[in-house]
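Scroll down for the structure; my scribbles are underneath it.
The values are calculated or read from the model by the stated rules, or taken from the named source; none is laboratory data. Keep in mind the model is a prediction, meaning the values are calculated, not measured. Cβ placement follows ideal geometry from the backbone for every residue including glycine, while neighbour counts extend to all protein chains displayed.
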Amino acid sequence: MTTALATSDLPAHSHNAVSPESVLKDVFGYGEFRDGQGEVIHHVCQGGDALVLLPTGGGKSLCYQIPALVREGTTIVVSPLISLMQDQVEQLKALGVKADYLNSTLDAETQANINDSLITGKLDLLYVSPERLMQYAFQQLLGRASIALFAIDEAHCVSHWGHDFRQDYRALGKIKSRFSHIPVIGLTATADTATQADILTQLNLNAPLVYKGSFDRPNIRYRVMSKYKAFDQVVSYVKQQEGSGIIYCNSRAKVDDLHAKLFRLGFRCAAYHAGMDSDERELVQRQFLNDKIDIVVATVAFGMGINKSNVRYVVHHDVPRSVESYYQETGRAGRDGLESEALLLFDEKDAARVKQWIEQGESGDRNHIELQKFAAMEAFSEAQTCRRQVLLNYFSQFSDSACGNCDICLDPPKMIDGLVIAQKVLSCILRLSQQASSQYIIDVLRGKQLKKLQEAGHHKLSTYGIGKDKSDSYWHNILNQLVHKGLIRVDITAYAALRLTEAARPVLKGEVPVQLAVPRLEFKPDKKTKQAPANYDRTLFTRLKHLRKVLAEENEVPPYVVFSDATLVDMACKLPVNRTTLLEVSGVGQTKLDRYGDAFIKLIDDYIHRDS
C-alpha cells in the first residue's frame, strides 16, 4: 500500500499532537470518557484492533470517531444502511468534521469527487456499505490513499449466530488480510456470547481488546401487557406519553391499518415500511427527525438509521423474533439518557405465528438458532420477575438485584390459587372437542347469546356461562397464562385452536396446584412518579427547545443535531451566561459554541434578567 502524495491542499485535520481527550472536549463537547471508552480509544489510536459491545446510546460511535481525528489518514466506516450513513455524516459535519459517504444514491460526478477527496487526504471519515468495501476497484482506490482505521459498525451482522446475519458482511474478514497493518474495530449493541465469539473469528482481529460494557439502559422502563384489544391499548398508552415515539408491527398491512386509525384520531403520525418507495421513506424519516410528526408506525425496517436522541417511547404491537431485536429496537428510545419507556403487547397467538414463520422460512442450523432465540423472547415476555434482570441475564450480565424500573418491580403481580379457574378453562376446551379458538372458548365461558353457539348446541354445555362474572380480556389473559404454563397449546395449523397437553390432565383431576397471576388488563400510570432528569427550569427548557427548532430550520438540520434534549436540560440547570460557562455544558464543543452559542447565551441571559 502506498501513501498518498503530498498536495498543496490542507488535510482534513492536522492530527499531530492531538490527544483523544482534547478531541472529546473540543469537537464533541464532553468533559470525560464514559466507562471503558477511554481504554478502547487509546488502544485503537495506538494501532490496536478492538471489539466493542455497548448499548445503543452508550457511546460506541466515539470509539472510532475520536481515533479517526487522532490518527493520520482517513477512517473507513462500514455501515449497513444508507440512512445510517447519512445521519452520521450530517451530525459529524455539524461538528466541523470532514466526513462523507459513498453509496448508490449518488451520481457519478459526486462519487468521483469523493474518491478524489479520499485519495488526497481531505476526509477524516468515509462511510461505505460492506458490498462497496469488498469491491476490487474500491480496494485499489484504498491502496492509493492513507487509511487510518477500518470501523465495522453493526458487527453482529457478520455472525451466523447473530439475529441480523447478512451475507455481505461475511466477507469483511478478508479486509484484515488485505490491509494487515491497519487497525480494525468492530462495534455492536446486540450480541450474545456465541455471536461475540463468531465476530472475533470472522473479522480475523489481531490480539483485539474486547470491551463489553453494561447492556443496561437504566433510563428505559420496560413494560409487558397481555395483548387483547391492541388498538385501544395503544391509543390509551400513547395519549399518556409526551414527545416522540415509534410503534413497531410485524407486517406492512398492520402498519398501514394502525397508522390510518391513529391518523383519523388526530395523532401526528406516519407509516414506514419496505413496501413504500424510497422517496416516501426518506420524507417520513426527515419529518420524524425534524419533529414534524410525533409517531412513526413501522416495521423493523425503520430505526437503525435513526440517531434521534429524544425518542421517549417504543411500543411493540407484536412480539419480536429475538431478544436482540427487542433490545435493539427498544434502545432507540432515550438515547439522550432521559427517562423513556418500552411497551410490549404480548399474546400467544402472535407467538405461535412467529414460530410458524421461523419454521417455514429457515432450514437446518439457522432454523434451530432462530427458534432458540424466539424461545428466549417468549421467556422475557412471560417473566414474573424483574424484566431487566431477565434481559441482562440473556447477555450474560447477571444481576442479583431488581431494577425498580419495570412493570414487575413497580407493580408486582399478585399470585392466587388458580386451580378452579384453570379447571373451568380446561374443561371448556375439552367439551368443545379441542377445536375452538380462544375467542370462541371465552364466548362459551361468558355465556354469550350468540347465534353460532346456539346453532352448535354449545349453549347447553355445562361450562356455558360459568365465567360470566369476568370480562373477555380477563379470560384472554388467563388463557395466555395457561399456555405459558404448558397446560394448553395453540395449534396454528387448525385456525389457532386450543388443545390440551398431557400436563392438563392432573389439573383437571385436581391432583396438582396451579398458581396464576391476577391479570393486568389496562395501562395504568406508575404509582411511582417519574423522576426529573435534573433540577432544571422547565419554562426555560421549553424556550431553549423553541430556539433550537428555529436554528435547526435556518440551518436545515434536525433539531437534535443542534443540541440534544440532555444538553438543553443541562443548560436549564447550569444557566450559562457567557461562552466560558456554556462550554462547561455537556454536549457543547468549540464548533457548536461558535455556531450557536451566542443565541443560547442571549436567551438565557434575557430569561434570567427579564423574567425573574
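Before moving on, here are some points about what is shown:
- Output for the range 458-514, where each listed residue is over 17 Å from K349 (Cβ atoms), among the hydrophobic types (A, V, I, L, M, F, W, C) and either assigned to a loop (DSSP other than H, G, I, E, B) or in contact with a Cys (Cβ under 7 Å, 6 or more places away or on another chain) (or both): L461, I466, A503, V512, V514
- Residue among A351, A379, A375 that is under 18 Å from Y248 (Cα atoms), assigned to a helix (DSSP H, G or I) and out of contact with any Cys (no Cβ under 6 Å at 6 or more places or on another chain): A351
- Of all the residues in the range 9-33, those that are aliphatic (A, V, I, L, M) and modelled with pLDDT under 90 number 4.
- Some residue of the range 574-581 being outside any helix (DSSP H, G or I), hydrophobic (A, V, I, L, M, F, W, C) and more than 25 Å from E32 (Cβ to Cβ): no
- Qualifying residue in the range 591-610 (condition: crowded, with 21+ Cβ neighbours inside 10 Å and not in a helix (DSSP H, G or I)): no
- From T201, T195, T190, residue being of a type outside the set (A, V, I, L, M, F, W, C), part of a helix (DSSP H, G or I) and touching a helix residue (DSSP H, G or I) at 6+ places or on another chain (Cβ under 6 Å): T195
- Subset of the range 34-64 [under 26 Å from F395 (Cα atoms), buried (at least 19 other Cβ atoms within 10 Å of the Cβ) and at pLDDT 95 or above]: V40, I41, H43, V44, D49, A50, L51, V52, L62, C63, Y64
- Checking I220 against (1) out of contact with any Ser or Thr (no Cβ under 7 Å at 6 or more places or on another chain); (2) touching a residue at least 40 places away in the same chain (Cβ under 8 Å); (3) under 30 Å from G404 (Cα atoms), the condition it does not meet: (1)
- Selection count where residues are at positive phi and at pLDDT 90 or above, scope the range 309-366: 1
- Filter result for the condition that a residue is buried (at least 17 other Cβ atoms within 10 Å of the Cβ) and under 24 Å from P519 (Cβ atoms), over A379, A342, A333, A298: A342
- Search result, residues across the range 40-58 that are within 23 Å of the chain's Cα centre (by Cα), part of a loop (DSSP other than H, G, I, E, B) and not hydroxyl-bearing (S, T, Y): L54, P55, G57, G58
- Listed by position, the helices (runs of 4 or more DSSP H) enclosed by the range 69-171 that each have at least 1 residues that are over 30 Å from P558 (Cβ atoms) and within 23 Å of the chain's Cα centre (by Cα) are 167-170.
- Lone qualifier among R252, R268 - being out of contact with any His (no Cβ under 6 Å at 6 or more places or on another chain) and either within 17 Å of E329 (Cα to Cα) or outside the structural domain of I175 (by TED's automatic domain parsing) (or both): R268
- The residues listed here are V425, V420; of these, the one that is out of contact with any helix residue (DSSP H, G or I) (no Cβ under 8 Å at 6 or more places or on another chain) and of a type in the set (A, V, I, L, M, F, W, C) is V420.
- Scanning the range 319-359 for residues that are touching a helix residue (DSSP H, G or I) at 6+ places or on another chain (Cβ under 6 Å), acidic (D, E) and closer than 17 Å to G243 by Cβ turns up just one, D336.
- Failed item, numbered, when A155 is tested on (1) farther than 21 Å from Q65 by Cα; (2) of a type in the set (G, A, S); (3) crowded, with 21+ Cβ neighbours inside 10 Å: (1)
- Test: residue in the range 467-488 that is modelled with pLDDT of 95 or more, among the hydrophobic types (A, V, I, L, M, F, W, C) and closer than 24 Å to G510 by Cβ: no
- Comparison of R166, R178, R170, R223 shows that the only residue that is more than 23 Å from V70 (Cβ to Cβ), buried (at least 20 other Cβ atoms within 10 Å of the Cβ) and not hydrophobic (A, V, I, L, M, F, W, C) is R223.
- Number of residues in the range 312-327 that are closer than 24 Å to L54 by Cβ and surrounded by 22 or more Cβ atoms within 10 Å (Cβ to Cβ): the value is 9.
- Search result, residues across the range 437-483 that are surrounded by fewer than 16 Cβ atoms within 10 Å (Cβ to Cβ), over 24 Å from F231 (Cβ atoms) and either among the hydrophobic types (A, V, I, L, M, F, W, C) or in contact with a Pro (Cβ under 9 Å, 6 or more places away or on another chain) (or both): A456
- Scanning the range 407-457 for residues being outside any helix (DSSP H, G or I), within 37 Å of the chain's Cα centre (by Cα) and not hydrophobic (A, V, I, L, M, F, W, C) gives a total of 6.
- Which numbered condition N206 misses (of (1) surrounded by fewer than 17 Cβ atoms within 10 Å (Cβ to Cβ); (2) within 19 Å of S396 (Cα to Cα)): (2)
- Among the residues making up the range 357-376, those that are touching a residue at least 60 places away in the same chain (Cβ under 8 Å) and either surrounded by 15 or more Cβ atoms within 10 Å (Cβ to Cβ) or over 25 Å from H156 (Cα atoms) (or both) are I369, K373.
- Hey, V319 within 17 Å of the chain's Cα centre (by Cα) and among the β-branched types (V, I, T) or not: yes
- Here Y464, Y495 are screened, and the one residue that is touching a residue at least 12 places away in the same chain (Cβ under 8 Å) and either touching a Leu at 6+ places or on another chain (Cβ under 8 Å) or not hydroxyl-bearing (S, T, Y) (or both) is Y464.
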